[in-house]
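J.: Handing you a structure now.
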């Protein structure tokens, strides 16, 4: 099957599809965008929190015993 025939078939199928009306499509699109933005914000917050936690753990366990004890005390406060 050549590219030209494939393209013609895709266009033919596209015309057969029942596309939603504008009054149905716009609310669905807005809902999808809002959910995507909400999920992106939640994932960003989780990423910041996990990065902060990893940084604190690295600070606590990354150095010698004195630095670990000082870091643990700072973490508790």
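Bear in mind these aren't lab numbers, they're just calculated from the coordinates by the rules spelled out. Only a predicted model underlies this, so the values are computations on that prediction, with no experimental measurement involved.
J.: Given the rule -39500 (n - 2.57) for each run of at least 4 DSSP H residues, summed and divided by the residues of the chain, what is its mean residue ellipticity at 222 nm, to the nearest 500 deg cm²/dmol?
T.: After summing the helix terms and dividing by the residues of the chain, the value is -30500 deg cm²/dmol.
J.: Quick one, can you get me the convex hull of the C-alpha atoms of the chain expressed as volume per residue in Å³? Present the calculation step by step, with values, prior to reporting the outcome.
T.: Values: hull volume 11.3 nm³, N = 77.
Per residue, the Cα convex hull of the chain comes to 147 Å³.
J.: Same structure again: Specify the residue with the greatest mean-square fluctuation among 60, 30, 11, computed from a Gaussian network of the chain linking alpha-carbon atoms under 10 Å apart.
T.: Most flexible of the set in this elastic network: 11.
J.: Using only Cα atoms and rounding to the nearest 10 degrees, what angle (0 to 90) does helix 65-76 make with the longest principal axis of the chain?
T.: That works out to roughly 60 degrees.
J.: Related question: Taking the chain as the reference, fit the longest principal axis to its C-alpha atoms, fit the long axis of helix 22-62 to the helix C-alpha atoms, and give the angle between the two in degrees, 0 to 90, nearest 10.
T.: So the helix axis and the longest Cα principal axis differ by about 20 degrees.
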